[in-house]
Amino acid sequence: MELKNVILEKEDNIAVVTINRPKALNALNSETLKELDLVFTTIENDDDVLAVVLTGAGEKAFVAGADISEMKDMTVLQGRNFGKLGNNVFRKIETLSKPVIAAVNGFALGGGCELSMACDIRIASNKAKFGQPEVGLGITPGFGGTQRLSRLVGMGMAKELVYTAKVIKADEALRIGLVNSIHEPEELLNNAKALAKTIASNAPIAVKLCKEAINRGMQVDIDTALAFESEAFGECFSTEDQTDAMTAFVEKRKLDRFKNK
Ligand code: DAK
């Protein structure tokens, strides 16, 4: 499949995915969702990639939502298929075996805010704006906004944002815990890459198991969650990376690199 709306680049052990429809403020149409699906499958299968940065092209938007022009005349069946396509891609990102950092460079509205929330970590430019404007369009958030937002910022704040459809600036997103940090626009991408490279310098299997344990643990009671953690911890002892790192520590030397084995 030829990629028209998504760019995939690799730099050392990280992948940078750019949603590239700046004229439509990177709105997600079906074609873009299909390309994102393909790109994230490629990344999943690429053992060289250990962390991912996801961003939007241009200076104005990360993603200004699902494509309203395409959705406007959808039938019930088309709406259902569109929703399924989006939810599958977002879930693929959320469960990807490598961490994904959203570098939110501008508007992250509706499906755009939801896309950033499917990522592991969000960092933002000081120009970024977030919101779930769906109720103003006569719909409910459909790509996880009613679920992931309350898990991230708490139910009361999520309800306020979703019911009012208000758009908040980066500093407010930081205050409520929707983003981890704020950056000058021209420094955002490099800082996101640096964060990805720091993650990529650690034991990949351990990082992957941490992601699984945190994600799965958030959905269940604490005893079940701690059982996941014990399972993950135990699994590390089947890896060469654990043996190599602990041996290096005991021998007071620095480990050159993890083998991802
Ligand atoms: N879709 C399509 N085109 C969009 C767009 C969008 N979401 N957002 C912007 N554009 C296009 C504009 O139409 C315009 O195109 P041209 O007129 O130049 O051809 C171009 O991008 C530039 O936009 P503006 O001229 O409006 O730029 P401004 O700076 O004046 O305003 C804005 C920027 C971001 C405030 C404004 O564009 C805006 O309000 N955009 C819409 C934001 C929005 O409401 N987003 C949420 C969309 S609803 C589902 C699952 C998920 C969803 C739906 C269903 N299922 C499970 C079925 C998700 C829904 C949403 O995301």
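Before rounding to the nearest 500, sum -39500 (n - 2.57) across all DSSP H runs of length at least 4 in the chain and divide by the residue total; then give [θ] at 222 nm in deg cm²/dmol.
So the calculated ellipticity at 222 nm is -15000 deg cm²/dmol.
In the chain, which longest range has no GluC sites (Glu not before Pro) that are both DSSP loop (not H, G, I, E or B) and surrounded by at most 11 other Cβ atoms within 10 Å?
By the stated rule (loop sites, at most 11 other Cβ atoms within 10 Å), 3-250.
Nearest 0.05, what FRET efficiency do Ala225 and Glu31 give at R0 = 35 Å with Cβ-Cβ as r?
The value I calculate is 0.35.
Looking only at Gly177, Gly79, Gly138, which one moves most when the chain is put into a Gaussian network model with springs between Cα atoms under 10 Å?
Fluctuation is largest for Gly138.
Give, as ranges by residue number, the residues of region 95-120 whose backbone N falls under 17 Å from the point 7 Å along Cα→Cβ of Glu235.
Residues passing the 17 Å test: 95-100.
How big is the charge dipole of the chain about its Cα centre, in debye rounded to the nearest 20, if each Lys and Arg gets +1 on its Cβ and each Asp and Glu gets -1 on its Cβ? Display every interim value, and only then the final one.
On the way: 32 positive and 36 negative charges, 114 e Å.
Here the size comes out at about 540 debye.
For an R0 of 25 angstrom, estimate the FRET efficiency from the Cβ-Cβ distance between Lys254 and Ala194 and round to the nearest 0.05.
Rounded to the nearest 0.05, the efficiency is 0.80.
Suppose R0 equals 30 Å; then what is the FRET efficiency for Asn126 and Ser150 from their Cβ-Cβ distance, rounded to the nearest 0.05?
Efficiency computed from Cβ-Cβ geometry: 0.70.
What would the Debye equation give as log₁₀ I(q)/I(0) for the chain at q = 0.12, 0.15 Å⁻¹, counting only Cα atoms as equal point scatterers?
-0.73, -1.10
Measuring from centroid to centroid over Cα atoms, what is the spacing of region 114-188 and region 201-261 in Å?
30 Å
Counting pairs of alpha carbon atoms under 8 Å apart in space and at least six apart in sequence, what relative contact order in percent does the chain give?
On the way: 463 pairs, mean separation 40.7, N = 261.
Relative contact order of the chain: 16 percent.
If I take every Cα pair under 8 Å that is 6 or more residues apart in region 140-208, average their sequence separation and divide by the length, what percent do I get for the relative contact order?
Once divided by the residue count of region 140-208, the mean separation gives 18 percent.
Answer with one residue from Leu137, Thr55, Phe107: the one whose Cα lies farthest towards the positive end of the charge dipole of the chain, charges on Cβ with Lys, Arg +1 and Asp, Glu -1.
The one lying farthest along the dipole's positive direction is Leu137.
Read-outs: derived from the displayed coordinates by stated rules, not from any lab. Small disclaimer: the values here were computed from a predicted structure and weren't measured. Note that we place each Cβ from the backbone using ideal geometry, even for glycine, and neighbour counts take in every protein chain shown.
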